[in-house]
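In what follows, a single structure is set out as structure tokens and then discussed.
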Ligand code: NAD
């Protein structure tokens, strides 16, 4: 999928035509242009943010239940229109049908999860005072949303990584403006149009289109930024947000390892490795990009993996399904994949499958398995974000753990082996999520936090964290009983301060001598 900006005539009403900068959305499967969208400049971004900001107080006032009801209508619309959305997404991403149609179910499940749990996660809390001196207060915490949340998302999962964050933010009472990737804005735009026109939802959800300039303008205008993308862009977003002290949650890249212990069920491990490395053509932040296999099972694992990968079907499909791997969504990513493979080849690695960009129409790269790799090669240290995986033989679990942690990333990981042994290894991996005897699916457990360690991110989505980050606690200290002139108030005299000092000592000390203020003999 290529995008290019240009100046195009777009009809704005009546017979008048106005020139506007546009972004071209391409179908990566054949290179054809699918649509041109006008780019939203800083002025328009500020306008959209101001508009949803005006509607946010009424949205917040609906309460958790009222907001869950509206979001339930969005869920229902998504479920009713999932085929149409999958078709649009296939055109803009080059995904196969199975993967294009997997995004709506995730969003529907997440809507239900936060709709049900919001009260528990962000409802009012009554907190008993720990100090007897504060028992005169009734303590409560109530949570108020950041008024407007800006969601900036990448091209690999256009709905999961935009609505997936917008839903908890909306459920928390915030208004949301999404800047989808300029490469894949169409499916999301259709949904937001439906929210406005078909569902008639409150004016608290909108989209702005464009690339870095639009994203930067959004960062400037909102109260909280939810960013998903590369660490390179995240640094720019954080620098800009620092100017306005705007908090940022950042979900970034990965170089996820999978460890195969000698005790692993090899058939399962091979099937999982192939899926983990090549689902969505490897364009998944939590893709398996590095495999570490214990020596006694290495040869058999590699033989079986090669066989499994050679059996995969690559090509475009439709409602009839049938293809396993789709196209590369973003041409610059194909360049990165090609350079990683070329680097491994030059350094003496063995390319078992694939290894060359597919010639012809569109942007395609075959599933590529590389052996004879080590950590001097890009393919084992830099994020490939494409259909390539390196396989390394390791002497034992200790070596596997050391190599798995030898990375600047820490998004997710997987370990295959007898459950107890694999869990013991999993606990030593430096990653936000570790799957034991599975790959990728930890992401679907929205009950638990998901986020990156090290350069893979700052902040978490899913679970309580995934909604609490969009709210600010406001603590209420309500006086139950007191005096007209409290002991802490003026005037500061010995007669008034001494009883207070004695009471504080009594409650803070943990032995009777200090409690009673006796001197050491
Ligand atoms: P990217 O960083 O190039 O772009 C991400 C978004 O930021 C896009 O919408 C882009 O237009 C916008 N942007 C670009 N410059 C900006 C600026 N100066 N200010 C504000 N916004 C700006 O990333 P990408 O190529 O779209 O996505 C691929 C990356 O995303 C990979 O590194 C991948 O691992 C990561 N990713 C992470 C997760 C996760 O959950 N951790 C999920 C998917 C993808």
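Structure notes:
Each row is one residue, and each column tells you yes or no for (1) surrounded by fewer than 20 Cβ atoms within 10 Å (Cβ to Cβ); (2) touching a helix residue (DSSP H, G or I) at 6+ places or on another chain (Cβ under 9 Å).
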site: 335; (1), (2): yes, no
site: 348; (1), (2): yes, no
site: 356; (1), (2): yes, yes
site: 369; (1), (2): no, yes
site: 376; (1), (2): yes, no
site: 382; (1), (2): yes, yes
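- Condition met for residue 238 (crowded, with 24+ Cβ neighbours inside 10 Å and within 14 Å of the ligand (Cβ to nearest atom)): no
- The number of residues in segment 143-156 being within 14 Å of the ligand (Cβ to nearest atom) and either over 20 Å from residue 185 (Cα atoms) or buried (at least 24 other Cβ atoms within 10 Å of the Cβ) (or both) comes to 6.
- Filtering segment 241-264 to residues that are more than 9 Å from the ligand (Cβ to nearest atom), closer than 26 Å to residue 165 by Cβ, touching a helix residue (DSSP H, G or I) at 6+ places or on another chain (Cβ under 6 Å) and not in a strand (DSSP E or B) leaves only 241.
- Residue 173 more than 15 Å from the ligand (Cβ to nearest atom), buried (at least 24 other Cβ atoms within 10 Å of the Cβ) and not in a helix (DSSP H, G or I): yes
- From the list 267, 307, 300, the lone residue that is outside any loop (DSSP other than H, G, I, E, B), more than 16 Å from the ligand (Cβ to nearest atom), free of Cβ contacts under 8 Å to residues at least 12 places away in the same chain and surrounded by fewer than 21 Cβ atoms within 10 Å (Cβ to Cβ) is 307.
- Subset of segment 186-233 [under 21 Å from residue 91 (Cα atoms) and within 9 Å of the ligand (Cβ to nearest atom)]: 210, 211
Condition check ((1) modelled with pLDDT under 95; (2) over 30 Å from residue 297 (Cβ atoms); (3) buried (at least 21 other Cβ atoms within 10 Å of the Cβ)) across all residues:
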site: 412; (1), (2), (3): no, no, yes
site: 429; (1), (2), (3): no, no, yes
site: 436; (1), (2), (3): no, no, no
site: 451; (1), (2), (3): no, yes, yes
site: 461; (1), (2), (3): no, yes, yes
site: 479; (1), (2), (3): no, yes, no
site: 494; (1), (2), (3): no, yes, no
site: 508; (1), (2), (3): no, yes, no
site: 512; (1), (2), (3): no, yes, no
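- Residue in segment 453-466 that is under 24 Å from residue 273 (Cα atoms) and in a loop (DSSP other than H, G, I, E, B) present: yes
- Matching option when the condition is within 30 Å of the chain's Cα centre (by Cα), within 16 Å of the ligand (Cβ to nearest atom) and either part of a helix (DSSP H, G or I) or more than 24 Å from residue 270 (Cβ to Cβ) (or both), among 410, 386: 410
- Residue 93 under 18 Å from residue 471 (Cα atoms), crowded, with 22+ Cβ neighbours inside 10 Å and under 22 Å from the mean Cα position of the chain (by Cα): no
- Test result for residue 485, farther than 27 Å from residue 144 by Cα, part of a loop (DSSP other than H, G, I, E, B) and out of contact with any strand residue (DSSP E or B) (no Cβ under 8 Å at 6 or more places or on another chain): yes
- Lone unmet requirement of (1) more than 9 Å from the ligand (Cβ to nearest atom); (2) part of a loop (DSSP other than H, G, I, E, B); (3) touching a helix residue (DSSP H, G or I) at 6+ places or on another chain (Cβ under 9 Å) for residue 285: (1)
The values are calculated or read from the model by the stated rules, or taken from the named source; none is laboratory data. Please read all numbers here as calculations on a predicted model, not as lab measurements. Note that we place each Cβ from the backbone using ideal geometry, even for glycine, and neighbour counts take in every protein chain shown.
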